[in-house]
Amino acid sequence: MKPLQIGNLTARYPIVQGGMGVGISLSGLASAVARQGGIGVISAVGIGLLEGNNKNYRANNQKLFEREIKKARKLAPDGILGANIMFAVTDFDDMFRIALEQSLDIVIIGAGLFLKIPPTVDKDQFIHSKTKYAPKLSSARAVKLTLKVWDEKFGRLPDAFVIEGPKAGGHLGFKKSELTGELKPLDQIIKEVKQVISPYEDKYGQAIPVIAAGGIYTGYDMFDIMQAGADAVKIGTRFVTTEECDADIRFKQEFIRASEKDIVIIDSPVGLPGRAVENDFIRSVNAGETKPIKCEWRCLKTCDWRKVPYCIAQALANAAKGNLDEGFAFAGSNAYRATKIETVPEVFAQLIDEYHKAQKNAAVYS
């Protein structure tokens with residue numbers, strides 16, 4: 001198993017932990033993964049909802065994000081740490097600035113096309129930052145546009161790409177019609193992305209690693225997708241049912257209780273499809289029940305709180321704190337495979353062992 005090399009940054013294992021919000025992956029999970037030699041990722045989205053007065057949402061977001069980064073650094077001083085920041089949130093610019101100020105090793109930018117430098121960061125700081133940038137996208141077309149714009153406007157390229165397929169959890173970069181029936185294979189998307197990237201790698205003399213995500217649960221899955229050309233994997237769902245995961249135990253038990261039929265595609269109030277564990281909250285919303293809100297902060301650019309049936313951010317924060325009567329758990333397609341609570345070291349040991357078994361099997365039949 002080759003390490004993951006992103007410029008001058010080397011992760012011992014090519015395993016990036018998914019940055020799951022709201023409040024699922026904070027300093028506890030991220031530092032545990034980093035200590036094992038992977039890349040630990042803090043989710044910045046909605047972090048201010050976990051405590052404090054919601055009227056001070058933006059200030060709370062910044063304060064808690066800084067706090068979680070500093071806690072993770074103390075817990076994993078020699079590990080590689082990053083953040084997942086959604087481009088779709090209204091305070092993206094501030095959260096991105098904090099990530100750079102706190103010298104995070106990598107920032108994963110999802111939920112939108114990252115095609116302009118945030119006004120909170122000057123161009124020189126952006127271009128020469130030691131922090132690595134990894135846009136999270138779901139198609140070769142989006143990667144091609146991103147590379148073209150970065151090449152022409154910034155004179156540099158992203159340091160890596162996270163390519164997320166249709167089996168991922170949470171909000172998804174696919175139409176709802178693309179999430180039922182025959183799903184586009186992740187390995188096909190990876191191959192298409194690699195073709196798009198290749199000319200830019202040649203132009204800049206720079207390798208751009210591709211990190212595959214969505215539906216990767218075992219070391220066998222890791223081996224298969226890396227054989228298809230991925231340089232690393234991003235795994236979220238598998239790490240939810242660990243002791244170190246920052247979510248309440250009741251959130252983790254949602255995965256353990258779920259059967260395959262409980263993993264469903266929902267219509268998020270912010271206009272995107274999502275994958276979640278079906279529960280009474282989701283069933284009530286599907287039946288037409290609304291959960292009136294008065295938004296004090298408007299956390300998502302695409303959300304009109306006057307029209308939505310419920311607040312997605314508050315529902316996710318409620319779930320993270322164990323209140324599943326007022327929320328639900330986003331989850332990947334394999335969430336139902338969880339049967340018990342494990343530790344992060346145990347998960348790493350299993351992933352590595354399974355990867356090596358797959359490698360040996362491939363050698364036997366080659």
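Miscellaneous remarks
- With 0.36 nm allotted per residue and the present C-alpha distance subtracted, the Lys153-Glu182 stretch has 6.7 nm of extension available.
- Options (i) 29, 25, 21; (ii) 56, 25, 20; (iii) 42, 25, 18 - which one matches semi-axes √(5λ) of the Cα gyration tensor in Å as calculated here: (i)
- Along segment 156-162 the Karplus relation, 6.51 cos²θ - 1.76 cosθ + 1.60 evaluated at θ = phi - 60°, assigns HN-Hα couplings of 8, 10, x, 7, 6, 10, 9 Hz to successive residues, with x for each Gly and Pro.
- Simple spin-label estimate for Thr10 and Lys116 in nanometres, 7 Å along Cα-Cβ: 4.0 nm
- Loop-resident trypsin sites (Lys or Arg not before Pro) (DSSP state other than H, G, I, E or B) in segment 3-104 with no more than 14 further Cβ atoms inside 10 Å of their Cβ: Arg12.
- The length gained on full extension between Lys191 and Glu243, counted as 0.36 nm times the residue separation minus their Cα-Cα distance, comes to 15.2 nm.
- Ignoring aspartates and glutamates fewer than eight residues from Lys63 along the same chain, the ones with Cα atoms less than 15 angstrom from its Cα are Glu51, Asp91, Asp93, Asp94, Glu101.
- Beyond 24 Å in Cα-Cα separation lie the following of the pairs Lys167/Lys191; Lys136/Lys321; Lys74/Lys357; Lys175/Lys340; Lys153/Lys203; Lys2/Lys132: Lys136/Lys321; Lys74/Lys357; Lys175/Lys340.
- Relative contact order, percent, the chain [alpha-carbon distance under 8 Å, six or more residues apart]: 18 percent
- You can think of it this way: the chain between Ala59 and Ser259 has 68.1 nm of extra reach, that is 0.36 nm per residue less the Cα-Cα gap.
- Charging the Cβ of each Asp and Glu at -1 and of each Lys and Arg at +1, and nothing else, the dipole of the chain about its Cα centre rounds to 500 debye.
- Net dipole in debye of segment 38-193 [+1 Lys, Arg Cβ; -1 Asp, Glu Cβ; about Cα centre; nearest 20]: 140 debye
- Placing unit charges on the Cβ atoms only, positive for Lys and Arg and negative for Asp and Glu, gives segment 71-125 a dipole magnitude near 140 debye about its Cα centre.
- Here the simple spin-label model places points 7 Å from the Cα toward Cβ, and for Tyr204 and His128 these points are separated by 1.7 nm.
- Take 316-325, 342-351 and order them by the average number of nearby Cβ atoms within 10 Å per residue, most first; the result is 316-325, 342-351.
- Once backbone amide H atoms are built at 1.01 Å from N, Gly165 has Ala213, Gly214 as its partners under 5 Å, excluding neighbours fewer than 5 places away on the same chain.
We did not get these values from a lab; they are worked out from the coordinates using the rules stated. Note that the structure is a prediction, hence the values are computed from the model and not measured. Glycine also receives a Cβ, built like all others from the backbone with ideal geometry; neighbour counts cover every protein chain displayed.
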